[in-house]
Amino acid sequence: MSSLGTLSELPRQYLDNLTGGNLVPLWPSLRKALPHGAPLRRTQPVLWRYADIRPLLLQAGELTPIEKAERRVLVLANPGLGLDNMQATPSIYIGMQLILPRETAPNHRHSPSAVRFVVEGQGGFTIVDGEKLPMQRGDLILTPALLWHEHCHEGDGPVIWLDALDLPTVFAQEASYALEGEPQHVRNQPDNSQTLYRRAGLVPYRSLGGPRSQYPLLRYPWQEVREALMTLAPVTEAGEIVQLAYVNPETGLECLPVLGFSAIMLRPGETALPPRRSASAVLHVVEGEVEAEVDGVPLVAGENDTMAVPTHAHLKIANRSSRAPAFLFQVDDAPMQRKLGFYETFN
Ligand code: 1HN
């Protein structure tokens, strides 16, 4: 391998002339941009324990009224990427949001896409473009780019969910912004997961050939995802991961353009060794306790705990129970990487 020229080898006057013309020589920094063999990574394998987050989030509920917060959120920030940068991984924003009874997180829309994964509480709901989406534990709720959304709470006790956004990518493109709006008018009917898309393999006839909505399904009830995983497990070979992707029922493709979402079941006693891949990910435990090893770093995650998995990471993840399955929710940036043409898996 030949070594490349450095900045200090170049004459002072030449460098000053370059700087004066807003020019920079590539070769001294080429290896930084394109390291050999594997990317440079600052993202750390991190574990956020719900037991640590929850009391602090509830305290935020006492310290800051919703009117002063708009969204009452604690951001899960990866220390390797800088605590101020709202990055769990380079492309994934994760926050934990609290809403208290009778509060409203006011209507707005923005260029980043978001999802909510419900962690605890009863009576919360999100309204997206007039559709009322109830929030039960484990439900996945989409608020895609530029669609109006507001959160409300008509039950008792705190409602807490995990927010995942493609904000880092949108922000890096200097394209992140929001608009505020008046409260929405709610259509008085159940959400599309209960009406138009009751069963995989069936779509309203009119969607054949007709104009399709970009985001036909905005809520994926956990109860159905869990059942589907339990039914998939016995027909999945040992060594293969029991995993379901959340997709757009009209296209069969990922439900949002940048971030992808999936649910994983680890059978009792199972240790999964997923292939190393170019995508980064966030893993959130829904049920059970897992022992993970992320690039050699041991992390033990229980219910409602969340982990960051860097790009190209070596990953091993074991269900600590020999009796009960464990369930995880995964966010990754594979959809974006596939579109950009560099998504890879390695063995
Ligand atoms: C946002 O709109 C929500 O609507 C939550 O609940 C978190 C983080 C950054 C930017 C926008 C929400 C957010 C956010």
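Quick note: the coordinates plus some simple rules give every number you see, no bench work behind them. The structure displayed is predicted, hence computed values, not measured ones. All Cβ positions, even for glycine, are placed from backbone atoms using ideal geometry, and neighbour counts span all protein chains on display.
Worth a mention:
- Picking from residues in the stretch 53-91 that are within 16 Å of Pro101 (Cβ to Cβ) and of a type in the set (Asp, Glu), the one that is nearest to the ligand (Cβ to nearest atom) is Glu67.
- Residue, farthest from Val331 (Cα to Cα), within the stretch 172-184, restricted to residues that are free of Cβ contacts under 8 Å to residues at least 60 places away in the same chain and of a type outside the set (S, T, N, Q): Glu174
- Restricting Glu250, Glu237, Glu224 to residues that are farther than 28 Å from Glu131 by Cα and among the acidic types (Asp, Glu) narrows the list to Glu237.
- Some residue of the stretch 64-74 being in contact with a Lys or Arg (Cβ under 7 Å, 6 or more places away or on another chain) and either more than 21 Å from Pro221 (Cβ to Cβ) or surrounded by 19 or more Cβ atoms within 10 Å (Cβ to Cβ) (or both): yes
- Residue within the stretch 217-228 that is surrounded by fewer than 10 Cβ atoms within 10 Å (Cβ to Cβ) and outside any strand (DSSP E or B) present: no
- Selected residue (only one of Arg198, Arg137 is farther than 25 Å from Ala279 by Cα, away from the ligand (no atom under 16 Å from the Cβ) and under 17 Å from the mean Cα position of the chain (by Cα)): Arg137
- Of the helices (runs of 4 or more DSSP H) lying entirely inside the stretch 2-76, those containing at least 1 residues that are closer than 29 Å to Leu165 by Cβ and of a type in the set (Val, Ile, Thr) span 50-63, 66-69.
- Cross-chain or 6+ apart pairs with Cβ under 7 Å, the stretch 135-163 first and in contact (Cβ under 8 Å) with a residue 60 or more places away in the chain, then more than 10 Å from the ligand (Cβ to nearest atom) and among the charged types (D, E, K, R): Arg137/Glu120; Asp139/Arg219; Ile141/Arg219; Leu147/Asp129; Ile160/Glu120
- Any chance Leu74 is of a type in the set (A, V, I, L, M, F, W, C) and either touching a helix residue (DSSP H, G or I) at 6+ places or on another chain (Cβ under 6 Å) or more than 25 Å from Gln173 (Cβ to Cβ) (or both): yes
- In summary, Leu40 fulfils each of the numbered conditions (1) more than 13 Å from the ligand (Cβ to nearest atom); (2) exposed (fewer than 14 other Cβ atoms within 10 Å of the Cβ); (3) over 25 Å from Val294 (Cα atoms) with the single exception of condition (3).
- Looking only at the stretch 99-120, and only at residues there that are assigned to a strand (DSSP E or B) and away from the ligand (no atom under 11 Å from the Cβ), the one that is surrounded by the fewest Cβ atoms within 10 Å (Cβ to Cβ): Thr104
- Wholly enclosed strands (runs of 3 or more DSSP E) of the stretch 265-340 bearing at least 1 residues more than 17 Å from the chain's Cα centre (by Cα) and buried (at least 16 other Cβ atoms within 10 Å of the Cβ): 281-287, 290-294, 297-301, 315-319, 326-332
- For the stretch 201-216, a residue qualifies if it is small (Gly, Ala, Ser), under 23 Å from Leu147 (Cβ atoms), over 23 Å from the mean Cα position of the chain (by Cα) and in a loop (DSSP other than H, G, I, E, B), and exactly one does: Gly210.
- The selection criterion, being touching a residue at least 12 places away in the same chain (Cβ under 8 Å), out of contact with any Gly (no Cβ under 9 Å at 6 or more places or on another chain) and either closer than 20 Å to Pro112 by Cα or assigned to a loop (DSSP other than H, G, I, E, B) (or both), does not hold for Ala233.
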